[in-house]
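Novice: Pasting in a structure now, in structure tokens, and then I'll have a few things to ask.
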Amino acid sequence: MALNRSPKVKTIAIQQDSGRSYWLTFLVMAGFLVVFTAQAAIAQSFRFNSVDVQGNRRIEDATIQNYVGVARGDAVSAEQLNTGYQALVNSGLFETVDLIPNGGTLIIKVKEFPTINRVAFEGNRKIKDEALAVMVRSQPRFVYNPIIVEEDRKAIAEAYADAGRLAAKVTPKIIRKSDNRVDVIYEVFEGGQVEVERIGIVGNRAYSDRRLRRVLNTKQTGILRALVRRDVFIEDQIEFDKQVLRDFYQSRGYVDFRINNVSAELAEERDGYFMTFNLREGQQFTFGAISASTELAGIDIAAFENAIKSKAGKIYSPFAIETDIARMERLAVRKGYDFIRIVPNVTRNNENLTLDVDYLVERGPRIFVERIDIEGNTATLDQVVRRQFRTVEGDPFNPRDIRQTAERIRALGFFSNADVNAREGSTGDQVIIDVNVEEQPTGSMSFGATYSTNDGIGGIIEYSERNFIGRGQQLNLSIKGGADTQTYSLRFTEPAFLHNDLKFSLNMSYRATNNQNAAYDTTIAKLEPSLSFPISEDTYLSLRATTQFNDITGVQTQGNIIGNEATFGKVVSNGLGYTLSYDNRRTGLDPNSGVLLQFGQDFAGLGGDTRSIKTMAMAIGQKKVLNEEVTLRATVEGGMLNYTKGESRVVDRFLLGSDVIRGFEPGGIGPRERNSSANDALGGEVYAAVRLEAEFPLGIPEEYGLSGGLYYDMANLWSLPQVNGDVLYEDGAWRHVVGASLFWQTPIGPLRFNFSKALKKETQDLDRLFELTISTSF
């Protein structure tokens, strides 16, 4: 049985192999046939004695023949004909193309795309026609191209998506006209804005969700969603929000901070997004040992160590490192050390969570700046951009200085985009710095309204130009008016007068009041040119000359003092003054604290009717505590007038308002003349004030824009040149006020509600329990 079965099995195997060989042979022969046919088609050639172009109306025959590339009498392969056909199709000029060999004639049949008669937009309300017209490439009198129309559709849809309208749809419509013309209509369905319903933050321990949401530019939907625009979901905004979060944490010592991911989920109704930032904070590090070192001979390393402002035990911040490096590099330039480079070597100590920093002073490559090329500044003069550089042609190249220059150019606010890059120059030891900018509008005309409990309702008309005639100069004209006051002012500033760091300003103002919180009218005109310049990193000195005249008219009071002062008529004073300021609130090493110190004096007596000295001083310190949730602020200020010729009038003396002490009417404290027919606030020649305040969240969602505050104010106002038996409080007395504030950040402007209680006051003082201020512009 084994012998009988074996041949049968072999027979079957042979039959299967025969079938496979048959199909294999068939496939090989078919392949050869296809290749042979293709090669034969490619090898097929044509020779045309004439070319007949049909269907064209605008495009010349010669132009079409050039696209095809067929010359009379030359041998042309089928492959060449196909290439010519594709060239005609890809030209974007024709709807249909046919190439027909007909004996010795090549017939080219085309149907031209129509000409665009007009481009219109329908259904759009949020984005105006003028803005959409700039986005599209299709234009009247251009050839209609469906590829370009599709690109236009996408561009319009992206513009609506950037505005938070992800559901917007754009449909191009073609309306055929006579003479092969068409109207291109973009029908827009705008849809609604997709808002950010909720921003969640996961992984944060050191800072609350509320504190971190204040950092983000994207905001949650609030109760004023119709007016607040930052609650609209914009996908491109996510990267910016991620960067500001990184900067926030790293500037506070969290060197290992990471954003694991950001998720944005669309609600089922497709009308809102739920965003979640997944963070990893890491540990907070402080500065450890800080030193400077070098291997270069002739370097005064002690001077570099003295230039370091970062201190051991302080919160580590990359910004502090950058500030130290910039300061040390400037020191190297002053000492004549060329091509010095400062390299921070950071050593991590995980046990005590410190970072040791050693600033290595070394010699960098000998590279010079060959030239600086500026492009794109169609309105702004080159010199405005060039003066942002601390480097000129021929100076050693400093990459850090170039990066800082780019930041200064962007900070001007004149350009929508500014790129500063270095490329290789004509030789290996030179570089060319390219500056490419895009201009943006810098002028504005605004109309606004104000309201305060002191002044009532007022209006503002203001024109502002930040880049006057392209010179980087600032010009501001404003008119402010209310029920009983009018103010006209002009301010001109040249930020680089004779020198990059020397700023010139010219201020002119005219103010007239009509019984504003008083029984008399006043007129005050002032002309004040000034020069300002830095004398250290955080210290500025301002020098000024002042010419002023004032007058008291329309006296309706029966008080003797103001009545006598009004008889002086117009009083003119001329003088010189200065103000010395120290402010590290933005540039200090601690981002959560800072101080402002100011001291100034004005000396009148250069001609005019008076001779006097006016002295002013102020100190402000603020600090954020409790994980930056609470801001504490303390202010101490004072002023003194001393007349040696003539005497002060009520328009010269200090009259304290709510900006100095809350809880009182303007002129509500200090010396006053009071009798049966007069109750005049006289002001004082000396005042002092202390304000202590705290601002804090109220525990409600931050998208409502509400926060609270508490304050304690103290002030004293005294001293008059003349007194009589009806004058009260000339010798001064301290007033004490406590109160609470409600702050509301609204789209129409910030609102502040003050509720005050005077703890200590004089009998005739005019106190106030409630105060409201608001300011907005349109």
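Okay, residues lined up against (1) surrounded by fewer than 17 Cβ atoms within 10 Å (Cβ to Cβ); (2) of a type outside the set (Phe, Trp, Tyr); (3) more than 28 Å from the chain's Cα centre (by Cα):
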residue: Leu132; (1), (2), (3): no, yes, no
residue: Tyr144; (1), (2), (3): no, no, yes
residue: Glu151; (1), (2), (3): yes, yes, yes
residue: Asp179; (1), (2), (3): yes, yes, yes
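Listed here are the residues, each with its yes/no results for (1) without any contact (Cβ under 8 Å) to a residue 40 or more places away in the chain; (2) open to solvent by 60 Å² or more (accessible area, probe 1.4 Å).
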residue: Ala694; (1), (2): no, no
residue: Ser707; (1), (2): yes, no
residue: Leu710; (1), (2): yes, yes
residue: Trp718; (1), (2): no, yes
residue: Gly725; (1), (2): yes, yes
residue: Leu751; (1), (2): yes, no
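Novice: So which residues in region 425-442 are open to solvent by 40 Å² or more (accessible area, probe 1.4 Å), farther than 16 Å from Pro365 by Cβ and in a strand (DSSP E or B)? Before the answer, list the steps.
Specialist: Of region 425-442, the ones open to solvent by 40 Å² or more (accessible area, probe 1.4 Å) are 426-430, 436, 438-441.
Filter again for farther than 16 Å from Pro365 by Cβ, leaving 426, 436, 438-441.
Hits for region 425-442 are Asn436, Glu438, Glu439.
Novice: Among the residues of region 590-611, is there at least one that is open to solvent by 30 Å² or more (accessible area, probe 1.4 Å), at pLDDT 95 or above, small (Gly, Ala, Ser) and part of a strand (DSSP E or B)?
Specialist: Among the residues of region 590-611, not one is open to solvent by 30 Å² or more (accessible area, probe 1.4 Å), at pLDDT 95 or above, small (Gly, Ala, Ser) and part of a strand (DSSP E or B), which makes the answer no.
Novice: Still on this model: When region 615-642 is examined, which residues are found to be open to solvent by 50 Å² or more (accessible area, probe 1.4 Å) and not basic (Lys, Arg)? Show your work before the answer.
Specialist: Residues of region 615-642 that are open to solvent by 50 Å² or more (accessible area, probe 1.4 Å), as a first pass: 616, 618, 622-624, 626-627, 632-633, 636, 640, 642.
If the condition is that a residue be open to solvent by 50 Å² or more (accessible area, probe 1.4 Å) and not basic (Lys, Arg), then Met616, Met618, Gln622, Leu626, Asn627, Leu632, Val636, Met640, Asn642 are the ones that fit.
Novice: Restricting attention to region 655-691, report how many residues are assigned to a strand (DSSP E or B), open to solvent by 20 Å² or more (accessible area, probe 1.4 Å), within 30 Å of Leu710 (Cβ to Cβ) and not aliphatic (A, V, I, L, M).
Specialist: Selection size over region 655-691: 1.
Novice: Restricting to region 395-424, and then to whatever is in a helix (DSSP H, G or I) and charged (D, E, K, R), can you tell me which residue is most open to solvent (accessible area, probe 1.4 Å)?
Specialist: At the first step, the residues of region 395-424 found to be in a helix (DSSP H, G or I) are 399-411.
Add one more test, that the residue is charged (D, E, K, R), and what stays is 400-401, 403, 407-408, 410.
Working: Arg400: 33, Asp401: 21, Arg403: 134, Glu407: 112, Arg408: 60, Arg410: 103 Å².
For region 395-424, the residue satisfying everything is Arg403.
Novice: Looking at region 455-512 only, could you name the residues that are assigned to a loop (DSSP other than H, G, I, E, B), among the hydrophobic types (A, V, I, L, M, F, W, C) and closer than 30 Å to Pro534 by Cβ? I'd like the intermediate steps shown before the answer.
Specialist: First, pick out the residues of region 455-512 that are assigned to a loop (DSSP other than H, G, I, E, B): 455, 469-472, 483-484, 495-502.
After this cut, where a residue has to be among the hydrophobic types (A, V, I, L, M, F, W, C) as well, the list is 469, 483, 496-498, 502.
The answer is Ile469, Ala496, Phe497, Leu498, Leu502.
Novice: Follow-up question, since we're still on this one. Please note which strands (runs of 3 or more DSSP E) are completely contained in region 702-778 and include at least 2 residues that are modelled with pLDDT of 95 or more.
Specialist: Details: elements: 706-718, 735-746, 749-760, 770-777.
Once the strands (runs of 3 or more DSSP E) in region 702-778 are filtered for at least 2 residues that are modelled with pLDDT of 95 or more, what remains is 706-718, 735-746, 749-760.
Novice: For region 60-118, give me every one of the strands (runs of 3 or more DSSP E) that falls completely inside it and has 1 or more residues that are under 18 Å from Tyr144 (Cβ atoms), open to solvent by 30 Å² or more (accessible area, probe 1.4 Å) and modelled with pLDDT under 90.
Specialist: On the way: elements: 75-77, 94-102, 105-112.
In region 60-118, the matching strands (runs of 3 or more DSSP E) lie at 94-102, 105-112.
Novice: From the residues in region 336-377 that are outside any strand (DSSP E or B) and polar (S, T, N, Q), which one is surrounded by the most Cβ atoms within 10 Å (Cβ to Cβ)? Steps first, answer last, please.
Specialist: Filtering region 336-377 for residues outside any strand (DSSP E or B) gives 336-339, 350-353, 364-367, 376-377.
Filter again for polar (S, T, N, Q), leaving 350, 352, 377.
Values: Asn350: 8, Asn352: 8, Asn377: 19.
Per the stated criteria, the residue is Asn377.
The values are calculated or read from the model by the stated rules, or taken from the named source; none is laboratory data. Just so we're clear, the structure is a prediction, and the values are computed from it rather than from any experiment. No Cβ is skipped: glycine too gets one built from the backbone with ideal geometry, and neighbour counts run over all protein chains shown. Accessible surface is based on the protein model in full, side chains and every heavy atom, while ligands, DNA and RNA are left aside. Shrake-Rupley method; radii C 1.70, N 1.55, O 1.52, S 1.80 Å.
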